[in-house]
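This report refers to the structure that appears directly beneath it.
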Amino acid sequence: MEAEEEIPEILRIPRPLQEAYFELAKKEAERILSELSVVSEPIRRAFELLVPLLRSRADGAERPEWRDKVFAVVDGSDTPSIDERIGLRLGLVAACRKDFRGIGQIPEAEWYVGDALRGTHHTSREDFAKTLDLVTTYLERLYAVKALEDKRVDYVVIDGSFWGFRAGCSRVKHLELNWTDPVTQKTFRETHQLIDELVRMTEKLLQSGRAFGVVKRVATSAIDGYVAHRTGNAELTTGLTDRSILTLAMEVGQVLDMSELLGPENPPEVLSALSGMIHERRRRGKEVNVNELYKESWRRVSNQIVTDLLHRGTDEPEERKARILETVLSTKRVFLRTVPDQPPVCIEFPKGVDAETVELAVTYAFETANPATGLPLALDLVDELISLPRGIGREFVEEVEGILLSRGLDLSRMRAVFSKINPQKEFE
């Protein structure tokens, strides 16, 4: 018997709503076409700057041999959850390190750690989620640093940007944490202590010269800001991210070293901030002076980095502030288009990384690319191993609730204690 053809979801709703949504779809398509026509000239100017710097991976020196190198691949996962009945706020975290020789898995060379973080009713959902993310990143960095110290390991591959955890740190760094690292048994009473340790471990990875990050989600608009800064013309900004522009510009097999485009004096974070400031002023109908906004973008980015990563912020010694700014803003990014149906992959390196390491990492990414994602297959494998199922956070708090009920807990008293949380939906 043939299986019944699945009915599209839109046909399950009332007909007047169907017609309304189909009409809205037409209008949205027209809007997108209109916007594309507006940005066509800015995109052309961006292409003029980009295309001469795009190279085929075959253009360089002989590809380095990577198949005999040992790569330690590190990734993590977390899932926050709130129990609606008794107000429990708990988050689960996990991290994994798995070693590969080339693309081959090394037997028994994998390590896992899992833990739970408890939130308080004084902490908002957003702050709890950020703190949980920091704990996950801490466990990832801890495994990455341990891999560096393993003499069998040639390179360490991390998931994401070295400083991807920075945004939002200033919002939570003064919060109470009271979390004990299950690997080292070190206790962090406050979140700023965790951030301090994250900075230290990240600096160690960067200084090694043997670590690189594969950035899946690139949200910067540095190319957009660079075109405006280079030409002095705010009208030539596109509003597109680097990932979007490079998806349009790059062919499979091509590589772009962003430092060759932007120059060492123009960090992507600063140019991306410039792009955002230009678009905000244009949206409000205000006059745009690109040179003045460029100076302001430097000031804003510098202040935010110091505020996010240094505990005492502006009270820190000037040399310490200068060092953290230089460290954060000096990483090198290389984009490569590995497969036709996915955006380019971004690989991030420490400042001053040698050309051999860059070529090795680029070749490794090309030759191990997963056709479905474009990312190195080893990273996708570790991601699949460590990803916590969406519902596991809910199941975990339900298990806690069940144990409490079996011990004779008075639910009315529990609800009163956690009434400030007032959860209306689970995090999932």
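Restricting the calculation to alpha carbons of the range 169-241 gives Rg and Dmax of 19.1, 55 angstrom.
Of all the Cα-Cα pairs you can form in the range 318-363, what percent are over 16 Å apart?
Values: 527 of 1035 pairs.
Here the tail beyond 16 Å accounts for 51 percent of pairs.
Taken as Cα centroids, the range 273-310 and the range 219-240 sit 12 Å apart, rounded to the nearest whole angstrom. 3J(HN,Hα) along the range 327-333, derived from phi through the Karplus expression 6.51 cos²θ - 1.76 cosθ + 1.60 where θ = phi - 60°, amounts to 5, 6, 8, 9, 5, 10, 10 Hz, with x in place of Gly and Pro. Each Cα pair of the chain feeds into the Kirkwood radius, which the Stokes-Einstein equation turns, at 25 °C and 0.890 mPa s, into a diffusion coefficient of 101 µm²/s.
In terms of the Cα gyration tensor, with a ≥ b ≥ c the square roots of its eigenvalues, is the range 246-330 rounded because a/c is under 1.5, prolate because a/b exceeds b/c, or oblate? Let's see the in-between values first.
Details: a/c = 2.58, a/b = 1.26, b/c = 2.04.
Oblate, since a/c reaches 1.5 and b/c is not below a/b.
In this structure the amide hydrogen of LYS186, modeled in the peptide plane, comes within under 5 Å of the amide hydrogens of ASP181, none closer than 5 places in sequence on its chain. Among the trypsin sites (Lys or Arg not before Pro) in the range 197-290, those located in a DSSP loop and surrounded by at most 14 other Cβ atoms within 10 Å of their own Cβ are ARG217, ARG284, LYS286.
Loop-only check: which trypsin sites (Lys or Arg not before Pro) in the range 130-174 are DSSP coil with at most 13 other Cβ within 10 angstrom?
Details: sites: LYS130, ARG141, LYS146, LYS151, ARG152, ARG166, ARG171, LYS173; in loops: LYS151, ARG152, ARG166, LYS173.
Sites meeting the loop and neighbour criteria: LYS151, ARG152.
Straight-line cross-link reach from LYS130 at under 22 Å between alpha-carbon atoms covers these lysines, not counting any fewer than eight positions away in the same chain: LYS173, LYS186, LYS216, LYS420, LYS425. Percent of Cα pairs in the range 123-259 per distance bin of 10 Å, from zero to the largest separation: 10, 31, 28, 22, 8, 1.
What number comes out for the charge environment of VAL93, summing +1 per Lys or Arg and -1 per Asp or Glu over other residues with Cβ under 10 Å away?
Details: positive: none; negative: ASP78, ASP115, ASP133, GLU140.
That works out to -4.
Backbone amide hydrogens, once placed in the peptide plane, bring GLY160 within less than 5 Å of VAL214, VAL215, LYS216, excluding anything fewer than 5 places away on its chain.
Each value in this text was obtained by applying a stated rule to the coordinates, not by laboratory testing. The model shown is predicted, which means the values in this text are computed figures rather than measured ones. Note that we place each Cβ from the backbone using ideal geometry, even for glycine, and neighbour counts take in every protein chain shown.
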